[in-house]
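The next block holds one structure in the form of structure tokens; read it before the comments.
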Amino acid sequence: MDNMMDKTQDRQLETEAEVNFAAQNGEDEAMEENPLATSPGGGAEQTMEEMMAWYDESLKQFEEGEVVTGTIISVDRDFVLVDVGYKSEGQIPIHEFLDENGKVNVSLNDQVEVMVECWDEEEERVFLSKEKAAKVKVWDAIKDVFEADTTIKGEISNRVKGGFSVDVGVQAFLPGSQADLRPIRNLDEMVGKTFDFKILKFNRKRNNIVLSRRAILELERESKRSTTLAAIEEGKVMEGVVKNITEYGIFVDLGGVDGLLHITDISWGRVKHPSEMYAIGDTITVKVLSFDETNERVSLGMKQLVADPWSVAKETYPVGTRVTGRVVSLTDYGAFVEVEEGIEGLIHVSEMSWTRKVRHPSKVVSVGEMVDAIVLDIRPESRRISLGMKQTLPNPWEMISEKYPIGSTIEGKIKNITDFGIFIGIDDDIDGLVHISDISWTRRIKHPSELYKKGDMIQAKVLDIDKANERFSLGIKQLAEDPWKTVSHRYPVGSEISGTITNVTDFGIFVELEEGIEGLVHVSEISKEKVKTPVGLYNVGDTLTARVMHINTDERRIGLSIKRLEMDDEQSIIEEYVSNMKAAPSSLGEILKENLQEKFNAQAKKNGLAAQAEAAAAEDATPVNVIDVMAPEESETSAEQALADDAGDAEEDVREDKPE
């Protein structure tokens, strides 16, 4: 500082010397040219005053940091020279005059405000700055705005921690809580926008400025609030600005007062989210539905501005009307179709196809697709319309019976195999079912996949067509005659058969007579001896011979008996013995023969009665133990015993009659 004062004093002395010398020279020249110049009131006094003024001006010094106005006198590659009234020009770096595109934005003789940074007395140069001068001016303007409690315009340049950075000539800070009246969800939307701000505080030394936009909005809201509250009434139609959007509705600024437009009151139609229809800042027209003056709550409606379409829906869409609509949503049980804004109908999955079994509507339609349908039912009071898609096409079940009459044979590809049968594709997406019981007359089938696989081409006979329930019954075994119809001819009652044992159970033995036809030897028909169980006595795969006792074609049963076969064999032996017996030379043989013949005839008669009992039991379709009816154990034993007794009696009679 002392050096600067010394330089200043030296400069003043030099200046005074120069001025005195110039003044002296000027005075001498003036007297030579005009002797009257020294007279009172002459030009010498005027020249002296000008010289003194120039002297005072030359003594003026610029303070560092002072902002002055200068004139551009030169522009070169590195510096711009500015005349600020000093004995030498000031220099400003060229980059302070470059625009956004890197071009020099200055011309000769332009007036610019610059700040004096420093000067060099030895080299007689002054260093200036245009940018710093601008900042000084900005800070002066900020000070004026703050003291006057007015607003300043600025652009939000970017987001920073806790808020935003705002360009007001210098960088200022806008806290997030001061950006709006409500919390801002998407802060990035604010970047790049220009607003008016209040200056809450500033510190030039710390280069710190705090702004607020909320303070301005609160003032604006309060100024409008009283006017709006006085104007609000139920039923009034008002304009407002969308202030915020949530999943349940829209908050609308009516002018200092916020009202809620619920999502259900936006449209008579379906609205998934309010943001699909409106955005923040949109101007909308709403109707006041209710107003709570105490809590200052306003409920708004938009759909109430137009008539309810359901009020005339019955006249517009009578039953049977063909409509075209857009699929708006899908559920497990059907598809909702919007036939007009506010009116939706349901197409149930059962009404989508005549022939296909639709498990989910997404297999047939998709959201946004346009479909045709027929109105099946309409109930405006419950706001429901039932629609049908399949009704727009002819019903193939109405013509299927004519194309495939009952008893006809069809051929198709197996489309699906289940536990209970086979589905065969016919045509027009109609499938026929061959139940597992209609696959074979005789074969026991646990699962259809034992015989067929998906994709096989097979033939079947049409058994029944149920149009009402849309069922098409087919049969494979009906292509051939039922072998049970002629089984009584092939295996008549009383005939002897041989077959293979297929199963042995506690209650009897199953014997296969031919493929698919089995007979049962009941445990009571195995032997004359009492058998508790045949298990262990017979083996699967063994060949067994038995007598056919009865046949029930309706129940597909054949009763067999091993015991009866053995009894018949014994009787045949006796009969053969009796018939082949020759006359004896003695009277004893003749008597014995006659007695045996009588006993045999009596036994045969008794056996005939038993056979009649078996036939009667077979007609009643009730398994009857013929041998039990005959009481074979008792009858055979008694017959044999009687024959033996008769033979003994006869022999004794002969002996008594024979002379000694």
For region 331-458, what relative contact order do you get, as a whole percent, if you take Cα pairs closer than 8 Å and at least 6 residues apart? 18
Quick check on my link table: of 153/243; 205/243; 403/477; 446/528; 201/224; 272/363, which ones sit more than 29 Å apart, alpha carbon to alpha carbon? 205/243; 446/528
In whole angstrom, how far apart do the alpha carbon centroids of region 526-558 and region 167-218 sit? 105
In Å², rounded to a whole number, the accessible area per residue of region 187-226 with probe 1.4 Å is 67
Residue-normalised accessible area of region 379-428, given per residue in Å² at a 1.4 Å probe: 58
Quantify, in whole percent, the carbon and sulfur part of the accessible surface of region 340-401 (1.4 Å probe; protein heavy atoms only). 49
Using the alpha carbon gyration tensor of region 388-536, what are the three equivalent-ellipsoid semi-axes (square root of 5 times each eigenvalue), largest first, in whole Å? 43, 16, 13
Per-selection Rg to Rh, region 113-258 - Cα, Kirkwood hydrodynamic radius: 1.17
What whole number of Å gives the distance from the Cα centroid of region 286-326 to the Cα centroid of region 490-508? 82
Cα-based Rg / Dmax (Å) for region 69-159: 15.8, 48
What whole number of Å gives the distance from the Cα centroid of region 379-452 to the Cα centroid of region 224-269? 59
Tell me the accessible surface of residue 366 in square angstrom (1.4 angstrom probe, heavy atoms of protein chains only), to the nearest ten. 60
Heavy-atom accessible area per residue - region 481-559, 1.4 Å, Å²: 54
If you build the Cα gyration tensor of region 262-359 and take the root of 5 times each eigenvalue, what three semi-axes come out, in whole angstrom, biggest first? 35, 17, 12
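The values are calculated or read from the model by the stated rules, or taken from the named source; none is laboratory data. Not measured: the values here are computed from a predicted model. Note: areas computed on protein heavy atoms with side chains; ligands, DNA, RNA excluded. Shrake-Rupley method; radii C 1.70, N 1.55, O 1.52, S 1.80 Å.
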